[in-house]
Amino acid sequence: MAKDAKAESENATFTALETEALVEPAPVGDAARNGIWRTRIRVKARNLSRSTQFVVAAAVILGLTMFFVGKLVSARIESAAVHSAAEAGAQYMDTFLEPYVQEMSRDNKLSAASVQSLDHLTESRSLKHHIVSIKIWRADGTVVYSTNKAITNHTFPMDEITEALKGKVVTDLEGLNEDENEFERNLNVPLYEIYAPLRDSSTRKVIAVGEFYEKAGSLKREINRVREQVWVVVGAATLAMLTLLFFIVRRGDKIIQRQQVALRLRLQEQTRLHSSNAELQRKMATATQEFSHVNELTLRRIGADLHDGPAQLLTLILIRLDDLAENCSAVDQESLETIRGAATDALREVRDLSRGLALPEINELSLVEELQLVAQRHEQRTGTKVTLTLGLLPEAASLPLRLCLYRFVQEALNNAYLHANGEGQVIEAHYSDELLNISVRDSGPGMAADAMLQGASGRTRLGLAGLRYRIESLGGLFSIDSGVSGTSVNAQFKL
């Protein structure tokens, strides 16, 4: 669907471009049309499948490659065929011409008798059927004999006979453009010229060059036939390779498409699962915060109930014991004092529990003031000293975080008082790189492993396990470091 939408968008672009081209003035109309065609070609190419795009590109590259290969092979075959025919013709003509040029090694010219014999030779039917013209060149570029008598004893450029004078057979299938080829051009038949070295029979030294023109009709037909065969083979090989490559790429393209579909479905499923997990995490965080809030309210209610219920009853008992003590004997006075001591201890314990469960109003306090308050209350309750080491702390914090920090420091100080007798109590807090770090240390003997896992004794209000749950429910990290030099309870929050 995305691909269709993209194509529709691009089609709309084409329509807009075409409309602009129609309303543009004449001087820029051609440029606009060229731009539209280029854009249209690009989009059409983009809409093709990968296998089709590959075949088009491969057809262009492979076609050009095979075209040049075919041209090269055809040229080599043509050259080889002409050269082979020239070698055969040269050997054939050497047999006829060399006996007549032997005198040129002495006189550097042909006698009248030799010229007459050569004329008679060229008029023979068997030779004339293949050879239409003969020339004999002297080493200085002078034609000493020619079928065309008009050029006899004329000197011409030596470009074509130079290689033949070195003992090589030279041939040319198309070159009849020189002045000395006027007679052959007027014959209007396909010819190829052959230059063959003519040697002295005794010394085998080149003494002249024989040039003869042979009819090229049958040779050209043979070359064309071979050339057609070469192009058929090259074309068939190219088509076979393109077909094979097309099916290979098409198969790979289908595999890629299936994998893309599978990956797209998997990505959609992962996105759905991620959204579901994020929603579950949000609900879980909300539930834990709500639970923490409800738990705090429950603790406050229990603290209030202890203060208003058992504490008041214990106070009433102590008052009644005072009344009874005035009318009792000495023996009974001793029993009443025992009862009074137990009731007083019970009242003190209930009030401590009530004060520990009931939090003060901390909404209007900063974090620094809140930590100072919890340290002050601990000092008043236990008669111990708490050292505060506070860095720069954020001014604003949510109520769940404030409650969590108050309970964390309160419980950690209670544990320091119970397990370390309140020795070396220190509260450290600092805020850096959006991380709030708070730790409560003491210099006691350290905590046992089971105490760190399960919390302190039954006298604790919340327990370390409860603190861990509180901190982690707000996304914080809770840790305990304990050794012979003391214990450090740590909490970290990312704000």
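The values are calculated or read from the model by the stated rules, or taken from the named source; none is laboratory data. Nothing here was measured: the structure is a model prediction, and the numbers come from that model. Backbone-built Cβ (ideal geometry, glycine too); neighbour counts: all protein chains shown.
Can we say residue 277 is within 30 Å of residue 170 (Cβ to Cβ) and assigned to a helix (DSSP H, G or I)? Judged against the criteria, residue 277 is not a match.
One line per residue, one yes/no per condition, for (1) at pLDDT 75 or above; (2) closer than 29 Å to residue 251 by Cα:
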{"position": "20", "(1), (2)": "no, no"}
{"position": "27", "(1), (2)": "no, no"}
{"position": "42", "(1), (2)": "no, yes"}
{"position": "48", "(1), (2)": "no, yes"}
{"position": "54", "(1), (2)": "yes, yes"}
{"position": "58", "(1), (2)": "yes, yes"}
{"position": "81", "(1), (2)": "no, no"}
{"position": "85", "(1), (2)": "no, no"}
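Filtered by the rule that a residue be surrounded by fewer than 19 Cβ atoms within 10 Å (Cβ to Cβ) and acidic (Asp, Glu), the range 209-241 gives 222, 228.
Here's the yes/no breakdown for (1) modelled with pLDDT under 85; (2) of a type in the set (Val, Ile, Thr):
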| residue | (1), (2) |
| --- | --- |
| 361 | yes, no |
| 366 | no, no |
| 369 | no, no |
| 384 | no, yes |
| 395 | yes, no |
| 398 | yes, no |
| 410 | no, no |
| 416 | no, no |
| 429 | no, no |
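Only residues in the range 147-167 that are within 14 Å of residue 213 (Cβ to Cβ) count as the first member; pair them with residues that are acidic (Asp, Glu) and not in a loop (DSSP other than H, G, I, E, B), Cβ under 7 angstrom, at least 6 apart or cross-chain, and list the lot. What qualifies is 151/180.
Condition test on residue 115, is it surrounded by 14 or more Cβ atoms within 10 Å (Cβ to Cβ), part of a helix (DSSP H, G or I) and at pLDDT below 75? Taking the combined requirement at face value, the residue does not satisfy it.
Of all residues in the range 177-189, count the ones that are over 13 Å from residue 214 (Cβ atoms), assigned to a loop (DSSP other than H, G, I, E, B) and either modelled with pLDDT of 80 or more or out of contact with any Pro (no Cβ under 8 Å at 6 or more places or on another chain) (or both). Before you say what the answer is, go through the steps one by one.
Let us first name the residues in the range 177-189 that are over 13 Å from residue 214 (Cβ atoms), namely 177-183, 185-186, 188.
Now drop any that are not assigned to a loop (DSSP other than H, G, I, E, B), which leaves 177-178, 186, 188.
Still in the list and also either modelled with pLDDT of 80 or more or out of contact with any Pro (no Cβ under 8 Å at 6 or more places or on another chain) (or both): 177, 186, 188.
So the count comes out to 3.
With respect to (1) part of a helix (DSSP H, G or I); (2) more than 30 Å from residue 66 (Cα to Cα), the lone exception for residue 194 is condition (1).
You will find that of 123, 103, 174, the residue that is over 13 Å from residue 213 (Cβ atoms) and modelled with pLDDT under 80 is 123 and no other. Scanning the range 468-492 for residues that are more than 25 Å from residue 443 (Cα to Cα) and not in a loop (DSSP other than H, G, I, E, B) gives 469, 470, 472, 473.
On the stretch given as the range 190-216, residues that are modelled with pLDDT of 70 or more and over 18 Å from residue 136 (Cα atoms) total 4.
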